[in-house]
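Just below is one structure, and these are the notes that go with it.
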Amino acid sequence: RMDFAVTEESGTTNGKFTSGSGDLTFAMSAENMTYTVKGTELKVDLTGPELPLPINAEIAETGFSMAMPLKKSDTPQNASLEVVLGGFQMAETLWNVFDPTAKLPRDPATIRVALDAKVTPLIDLVDPEAMAMVEMESVPPAELNALTLRELVIDAVGGTILGSGAFTFDNSDLDSFDGFPRPEGKLDVSVIGANALIDKLIEMGLMAEEDAMGARMMMGMMTVPGPEPDTATSTIVINDQGHILANGQRLK
């Protein structure tokens with residue numbers, strides 16, 4: 001637990017942070033580095049003259065994890081990145097600022113992204129001289145060879161997006177995607193509750209009818225109806241010719 005007070009000419013800002021258990025792991029060698037931090041039951045309370053109203057929020061789970069190679073290699077090496085923000089809740093006073101009639105569901109929100117990758121370091125990333133040359137010559141320090149979206153979850157205000165997929169990258173083709181290695185693979189996405197959320201945003205005055213129409217047209221182009229009401233799915237494929245297809249329809 002941490003309590004603090006900061007006094008300025010405009011007044012005093014008071015804050016309190018509390019949390020449950022947490023973990024921190026760090027390991028580093030000449031070959032690779034891993035870093036993981038996790039926390040539970042984080043609560044924040046802030047009041048002050050610069051704040052229009054007290055800020056009260058809590059997060060059931062937080063996490064950040066990263067693993068990456070450091071040593072120059074001729075073969076692809078493992079890397080990963082994971083970010084978790086689970087069970088985020090705001091106080092009713094904050095919700096009422098932009099949703100006074102409680103049109104939006106106020107269930108805890110969760111964001112979770114997990115990526116696995118294969119990368120080939122072109123230099124020793126802990127060598128200051130090599131890194132300086134990278135900055136001077138504007139060349140990448142590593143090649144991205146493969147990327148797997150192991151998990152994607154965005155669950156908030158009544159809408160949910162789920163995703164997973166995998167791509168490989170051809171670093172010899174930097175023309176097809178404007179200087180970026182040409183990807184090849186597939187991404188699967190599910191969307192739940194999008195139309196109901198758009199309707200509520202229109203009722204609240206946070207989205208104009210024409211903007212909603214554009215969003216729905218884009219969804220219609222990129223997705224197909226799911227098995228349940230107000231659900232949609234999409235399969236995005238990039239083939240070996242650099243063509244982008246959404247549910248079989250070519251977009252590029």
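The values are calculated or read from the model by the stated rules, or taken from the named source; none is laboratory data. Note that this is a predicted model, so its numbers are computed, not measured. Here the Cβ is made from the backbone with ideal geometry for all residues, glycine too, and neighbour counts use every protein chain on show. These accessible areas exclude ligands, DNA and RNA; they are computed on the full protein's heavy atoms, side chains included. Shrake-Rupley method; radii C 1.70, N 1.55, O 1.52, S 1.80 Å.
Structural remarks
- Put simply, of F98, F88 the only residue that is open to solvent by 40 Å² or more (accessible area, probe 1.4 Å), modelled with pLDDT of 95 or more and closer than 18 Å to I55 by Cα is F88.
- Scanning the stretch 159-170 turns up at least one residue that is under 30 Å from A196 (Cβ atoms), in contact with a helix residue (DSSP H, G or I) (Cβ under 6 Å, 6 or more places away or on another chain) and surrounded by 15 or more Cβ atoms within 10 Å (Cβ to Cβ).
- Strands (runs of 3 or more DSSP E) lying entirely in the stretch 167-252 (those with 1 or more residues that are polar (S, T, N, Q) and modelled with pLDDT of 95 or more): 182-192, 231-238
- Check on A27, within 22 Å of the chain's Cα centre (by Cα), assigned to a strand (DSSP E or B) and of a type outside the set (S, T, Y): no
- Subset tally (residues that are open to solvent by less than 90 Å² (accessible area, probe 1.4 Å) and more than 23 Å from the chain's Cα centre (by Cα)) for the stretch 213-244: 8
- Any chance F17 is within 24 Å of D107 (Cα to Cα), open to solvent by 60 Å² or more (accessible area, probe 1.4 Å) and either touching a residue at least 60 places away in the same chain (Cβ under 8 Å) or part of a strand (DSSP E or B) (or both): yes
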